[in-house]
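This report concerns only the one structure given below.
The values are calculated or read from the model by the stated rules, or taken from the named source; none is laboratory data. The shown structure was predicted, so the numbers you read here are calculated from the model rather than taken from an experiment. In this analysis, Cβ positions are derived from the backbone assuming ideal geometry, glycine residues included, and neighbour counts consider all displayed protein chains. Remember, those area values only see protein heavy atoms, side chains included, never the ligands or the DNA or RNA. Shrake-Rupley method; radii C 1.70, N 1.55, O 1.52, S 1.80 Å.
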Amino acid sequence: MAPLDQMTEVLQADVARFPRAKLSVVKGPDKGAEVALEGQTVVVGSDESCQLRLMDPSVSRRHMELSGGPGGYRLRDLRSTNGVFIEGVQVLDARLTDKTRFTVGRNELRFEPERSEVQWPLSVHERFGEVLGKSLVMRRVFALLERAATTESPIVLEGEAGTGKEVLARAIHDRSSRREGPFTVVDLGASNEALMESDLFGHDVSSARPTARPGALEEADGGTLYLDEVTDLSNALQARLLRALETKEFKRPGQGGMAKVDVRVIASTQKDLDAEVKAGRFREDLSFRLSVFRVRVPPLRERPEDIPQLVRHFESKGRSGTPLSDETVEMLTRHDWPGNVRELRSVLERLAAFPDLGSSAIARALGKNLDAAGDEASGGRLRNEMSQQLLSLPYHEAKDRVLESFEKTYLLEHLKAANGVVTRAAQRAGLPRQSVHRMLRRLGITTSDEG
C-alpha cells in the first residue's frame, strides 16, 4: 500500500454539494409512493431491492435510475421494456435540473428539486489501497472509509459484483489497528448451509473429516473477518453469528469447548440490506450490529470519468506493450460495464494479449459490431493497434500471449456453461478434471468444484 503522502492529490474542493430533491408518483397505480434524493443513486422499478418500488406490472424490475451530481440529477433508462417518457418523447439519458414530470409504465412521476443542499465530505486522495477513483462518488467513498478504518466498528459494503468490495475490505484492514492480525475471508455466496456453518465455526472429527479444523471466526481472532455476501446466511446461522459477535465467544463443534474471539467484521452484499430486512430474509438485529458504518460502492457506469485512470493503471501493471489509444479509451468510457472493474480488467487483458480476440471482446463490451459499416474504420484502427502490440514482442512471447488468452477464454466459456463446476466444464472440453484444475491454477482462475 502506498504511503498517504505519496498518493496523488487532487485540487478540487474537499466538499461536494448536491441539491436535495423529491421523486414522487403523482398519477397511476402507485400514486403516493415517493423517495427523498440527497445525492445518492435511486433505482426505480418493480424489484423489491429498488429504492422506489412500483407495483405496476408494466414497470420493469430495474426500470430507471436517478444519480446525483453537482448541479442536478441524471436520469438513465436501464434498458426497460416500456421506456421512460418526458412530454411524450422517449428518453434514454437526461439531465434533470428543474421540476420535471415523466412517465414510467402507467405511472406519472414528478422530480422536484429543493432549495437546500446536502454536502458530501470528499477525500483529497484518488485511491484507497488498491482501489482507484478521482470521481466525486469514489472520493466520497474514500472519505468515509478513511474515517471508518481507524475505528473498531463493523462495516457493511454494498455494491454490485466486480466493484472491488473485497479489495476495499483488505485496505480497511491494512489501515486499522489490527493490520498485524489475520485478514480472513469467507465467501458465503458460494456455500450451502452446512459449508457455511463449517467455514464460520469449524468442524469436528468425523468419518468424512478425520481432523478437526477451526472456523474463520477463530482463525480471524485479533484481526478482521470479511464476510462476502453476508445476506446469503440462513436465519439460523444469522442468529448464531449475532450471538458470537455480541458475547465474543461461541461453542466449537463436538467436544471442542468454547472459543473466545476478538474480531472486527467487514461484511459485503450485492443486495439492498434494508430490502432484505423488510422481506424477512435478514435479521434486523444483526443488520444493526453489522451496519455501524454502511458504504455503497458505486458501479463503474456511475463513474465513467474513472475509466481512463483505471485503463492506464492496469496497463502499467501488465506486460509491456503499446498503450491503448485515447480513441479506444474513449470508446471504453461509453460502455455501461455490467461486470464493473472486473469486466474492464478482463477486456483489457484480452486486448493486450490477442488482437483478434481483443477486437471481439471490445465489440461485445461496447455492444457494437466493429465490422459494421458505421464502425468499420474504428474497427480497422483497433485491430491494427492490437496487432502492433503483438508485433512489438519477440515471437515466443507473442505466441505465449495468444495461447494464454485462448486458454483463458476457452475455459471461462466452458465454466460459464457449466455453472462454475469444474468437473462438468472438463467433460464439456473433453479434458481430464485434474488437467483443467492445473490450467486454472496456472491462469489464475479461481472457482469451486462441487460436481
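Hey, among the residues in segment 176-190 that are of a type in the set (Ser, Thr, Tyr) and in contact (Cβ under 8 Å) with a residue 40 or more places away in the chain, which one's most open to solvent (accessible area, probe 1.4 Å)?
Step by step, filter segment 176-190, then rank; the result is Thr184.
Going through segment 246-290 one residue at a time, which ones are among the aliphatic types (A, V, I, L, M), touching a residue at least 40 places away in the same chain (Cβ under 8 Å) and farther than 18 Å from Gly202 by Cα?
Hits for segment 246-290 are Ile266, Ala267, Leu273, Ala275, Ala279, Leu286, Leu290.
Hey, can you tell me all the residues within segment 62-78 that are open to solvent by 10 Å² or more (accessible area, probe 1.4 Å) and farther than 16 Å from Pro299 by Cβ?
Pro70, Gly71
Is it the case that Arg140 is surrounded by 20 or more Cβ atoms within 10 Å (Cβ to Cβ), among the basic types (Lys, Arg) and in contact (Cβ under 8 Å) with a residue 12 or more places away in the chain?
Yes; evaluated as a whole, the condition is true for this residue.
For segment 157-175, enumerate the residues that are touching a helix residue (DSSP H, G or I) at 6+ places or on another chain (Cβ under 9 Å), of a type in the set (Gly, Ala, Ser) and either open to solvent by 40 Å² or more (accessible area, probe 1.4 Å) or closer than 22 Å to Ser287 by Cα (or both).
Gly159, Ala161, Gly164, listed by residue number.
Output the number of the condition that Phe128 fails; it satisfies all remaining conditions of (1) under 19 Å from the mean Cα position of the chain (by Cα); (2) free of Cβ contacts under 8 Å to residues at least 60 places away in the same chain; (3) surrounded by fewer than 17 Cβ atoms within 10 Å (Cβ to Cβ).
Single failed check for Phe128: (3).
Among the residues of segment 330-378, write down those that are small (Gly, Ala, Ser), open to solvent by 30 Å² or more (accessible area, probe 1.4 Å) and at pLDDT 75 or above.
Ser346 - this is the single residue of segment 330-378 that is small (Gly, Ala, Ser), open to solvent by 30 Å² or more (accessible area, probe 1.4 Å) and at pLDDT 75 or above.
Could you pull out every one of the helices (runs of 4 or more DSSP H) wholly within segment 213-331 that has 1 or more residues that are of a type in the set (Val, Ile, Thr)?
Answer list for segment 213-331: 235-247, 273-278, 307-317.
What tally of residues in segment 240-256 results from selecting those that are closer than 17 Å to Arg213 by Cβ and open to solvent by 30 Å² or more (accessible area, probe 1.4 Å)?
Counting residues in segment 240-256 that are closer than 17 Å to Arg213 by Cβ and open to solvent by 30 Å² or more (accessible area, probe 1.4 Å) gives 6.
Give me the pairs, please: first residue somewhere in segment 426-451 and under 22 Å from Ser346 (Cα atoms) and open to solvent by less than 40 Å² (accessible area, probe 1.4 Å), second residue anywhere and at pLDDT below 75 and outside any helix (DSSP H, G or I), beta-carbon distance under 8 Å, and either six or more positions apart or on two chains.
Partner pairs satisfying both residue conditions: Leu440/Thr446; Leu440/Thr447.
I need a count of the residues in segment 131-179 that are more than 25 Å from Pro338 (Cα to Cα), of a type in the set (Val, Ile, Thr) and in a helix (DSSP H, G or I).
1
Select, from Thr81, Thr103, the only residue that is among the polar types (S, T, N, Q), in a loop (DSSP other than H, G, I, E, B) and open to solvent by 40 Å² or more (accessible area, probe 1.4 Å).
Thr81
Please give the number of the condition Phe111 fails out of (1) in a strand (DSSP E or B); (2) open to solvent by less than 70 Å² (accessible area, probe 1.4 Å); (3) within 22 Å of Leu300 (Cβ to Cβ).
(3)
Looking at Glu315, Glu305, Glu327, Glu284, which is the one that is surrounded by fewer than 20 Cβ atoms within 10 Å (Cβ to Cβ) and within 23 Å of Leu122 (Cβ to Cβ)?
Sole residue among the options that is surrounded by fewer than 20 Cβ atoms within 10 Å (Cβ to Cβ) and within 23 Å of Leu122 (Cβ to Cβ): Glu305.
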